[in-house]
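The values are calculated or read from the model by the stated rules, or taken from the named source; none is laboratory data. All of these numbers come straight from a predicted model, not from anything done at the bench. Neighbour counts are summed over all protein chains in view; Cβ atoms, including those assigned to glycine, are modelled from backbone coordinates with ideal geometry.
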Amino acid sequence: MQILDGNLVSAHIKAQIKQEVIDWQAQGGKKPHLAAILVGNNPASEAYVGNKVRTCQELGYESTLLRFGVDITEEELINEVNKLNNDDSVDGILTQLPLPKHISPDAVINSINPAKDVDGFHPITQGKMLLGQPSFLPATPYGILMMLEYYKIDVTGMNCVVIGRSNIVGTPMTVLLSRNANPGNATVTLTHSRTKNLKDITLNADLIVAAIGKPKYVTADMVKPGAIIIDVGINRIEDATRKSGFRLVGDVDYDNVAPLCSYITPVPGGVGPMTIVGLMKNTLDAVKQNAKQAVLS
Ligand code: GUN
């Protein structure tokens with residue numbers, strides 16, 4: 001069994017990005033600038049956004065963090081997005097999810113200028129991705145593809161099973177693994193909470209992407225020996241032995257599944273760091289793309 005080490009791979013790709021930013025600026029390009037919107041003070045969201053801002057600093061990007069209280073209205077929030085849409089100094093915009101219940105995430109995502117949609121959540125971005133047109137890729141699936149490439153894991157012809165159908169992971173992951181590209185060309189089954197006989201399906205999988213958001217959901221009896229396991233879950237479970245009172249576990253019962261498989265991503269230190277790299281790659285693409293548009297217009 002080999003661990004797919006997200007910290008190692010992300011460090012490698014971040015070093016490449018850092019150099020690319022230096023080269024880009026040496027040619028007269030502007031610093032990439034990511035703007036993040038955080039509503040409320042959900043501890044997990046705080047941690048994710050803090051990590052994104054720190055990574056911007058590490059890579060030589062500019063970053064802006066806009067924080068709003070949970071009482072902000074949907075209209076006010078969309079107004080803030082529009083200000084960022086119209087700000088030429090900003091290349092990428094993300095709104096950390098989840099948002100408070102009174103705000104429609106779709107309405108907010110739809111208000112982001114697709115040219116700045118570095119999370120890859122906008123319907124135009126996802127539509128282009130579905131059709132195989134050049135687009136930003138949603139950060140987590142993009143990070144997983146980079147991880148597979150780094151370890152030279154060729155998924156061509158594999159039976160891949162994706163567990164979970166979210167717009168931000170499961171559904172785009174299914175599209176990307178099955179498209180006629182590299183990585184791609186896999187035979188993909190998308191499963192979810194209503195799937196019958198899930199175990200019969202996963203036992204046939206050469207590669208499983210677990211993105212259902214339930215701690216230790218994928219157990220050893222569901223996994224074919226030698227399978228590849230990509231665990232997207234980041235679940236907080238109570239742990240009185242920790243100072244924080246919790247620890248993070250994935251959607252996979254790691255201790256019992258790891259000995260069975262050929263490759264597995266740990267939690268933490270697997271997919272999480274790769275998601276940030278996906279976001280950073282998209283932001284660098286955005287500044288380059290926006291510079292090209294400015295020359296054309
Ligand atoms: N919430 C959980 N994952 C993500 C992500 O990748 N991006 C944003 N914006 N919010 C999230």
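Please specify each residue of segment 241-264 satisfying the condition of being in a loop (DSSP other than H, G, I, E, B) and either more than 16 Å from the ligand (Cβ to nearest atom) or surrounded by fewer than 24 Cβ atoms within 10 Å (Cβ to Cβ) (or both). Show your work before the answer.
Restricting attention to segment 241-264, the residues satisfying the condition of being in a loop (DSSP other than H, G, I, E, B) are 241-245, 250-251, 253, 261-262.
Across segment 241-264, the qualifying residues are 241, 242, 243, 244, 245, 253, 261, 262.
Here's a check for you: in segment 209-237, which residue that is among the charged types (D, E, K, R) and either modelled with pLDDT of 95 or more or touching a helix residue (DSSP H, G or I) at 6+ places or on another chain (Cβ under 6 Å) (or both) is surrounded by the most Cβ atoms within 10 Å (Cβ to Cβ)?
Across segment 209-237, the extreme among qualifying residues is 231.
For residues in segment 31-57 being touching a helix residue (DSSP H, G or I) at 6+ places or on another chain (Cβ under 7 Å) and in a helix (DSSP H, G or I), which is farthest from the ligand (Cβ to nearest atom)?
Once the filter is applied, the top-ranked residue is 55.
Report yes if residue 90 is more than 15 Å from the ligand (Cβ to nearest atom), assigned to a loop (DSSP other than H, G, I, E, B), touching a residue at least 12 places away in the same chain (Cβ under 8 Å) and within 15 Å of residue 36 (Cβ to Cβ), otherwise no. Break it down into steps so the answer makes sense when it comes.
On the way: more than 15 Å from the ligand (Cβ to nearest atom): yes; assigned to a loop (DSSP other than H, G, I, E, B): yes; touching a residue at least 12 places away in the same chain (Cβ under 8 Å): yes; within 15 Å of residue 36 (Cβ to Cβ): yes.
So residue 90 fits the description; yes.
Looking at 80, 62, 75, which one is more than 30 Å from residue 185 (Cβ to Cβ), touching a Lys or Arg at 6+ places or on another chain (Cβ under 7 Å) and surrounded by fewer than 21 Cβ atoms within 10 Å (Cβ to Cβ)?
62
Regarding residue 127, is this residue among the small types (Gly, Ala, Ser), part of a helix (DSSP H, G or I), closer than 26 Å to residue 50 by Cβ and out of contact with any Phe, Trp or Tyr (no Cβ under 6 Å at 6 or more places or on another chain)?
Considered against the rule, which asks whether it is among the small types (Gly, Ala, Ser), part of a helix (DSSP H, G or I), closer than 26 Å to residue 50 by Cβ and out of contact with any Phe, Trp or Tyr (no Cβ under 6 Å at 6 or more places or on another chain), residue 127 comes out as no.
Determine if segment 115-133 includes at least one residue that is within 16 Å of the ligand (Cβ to nearest atom), closer than 29 Å to residue 178 by Cβ and among the β-branched types (Val, Ile, Thr).
yes
Out of all the residues in segment 104-121, which are buried (at least 22 other Cβ atoms within 10 Å of the Cβ) and not in a helix (DSSP H, G or I)?
Matches in segment 104-121: 112, 117, 118, 119, 120, 121.
Could you say whether any residue in segment 168-182 is more than 16 Å from the ligand (Cβ to nearest atom), farther than 17 Å from residue 280 by Cα, touching a Phe, Trp or Tyr at 6+ places or on another chain (Cβ under 9 Å) and charged (D, E, K, R)?
no
Considering only segment 41-55, state which residues are without any contact (Cβ under 8 Å) to a residue 40 or more places away in the chain and among the hydrophobic types (A, V, I, L, M, F, W, C).
Once the filter is applied, which keeps residues that are without any contact (Cβ under 8 Å) to a residue 40 or more places away in the chain and among the hydrophobic types (A, V, I, L, M, F, W, C), segment 41-55 yields 47, 53.
Name the single residue, out of those in segment 60-87 being within 24 Å of residue 135 (Cβ to Cβ) and in contact with a Pro (Cβ under 8 Å, 6 or more places away or on another chain), that is nearest to the ligand (Cβ to nearest atom).
Across segment 60-87, the extreme among qualifying residues is 61.
Check segment 142-151 and report whether any residue there is under 22 Å from residue 16 (Cα atoms), touching a Ser or Thr at 6+ places or on another chain (Cβ under 9 Å) and among the small types (Gly, Ala, Ser).
Scanning segment 142-151, I find at least one residue that is under 22 Å from residue 16 (Cα atoms), touching a Ser or Thr at 6+ places or on another chain (Cβ under 9 Å) and among the small types (Gly, Ala, Ser), so the answer is yes.
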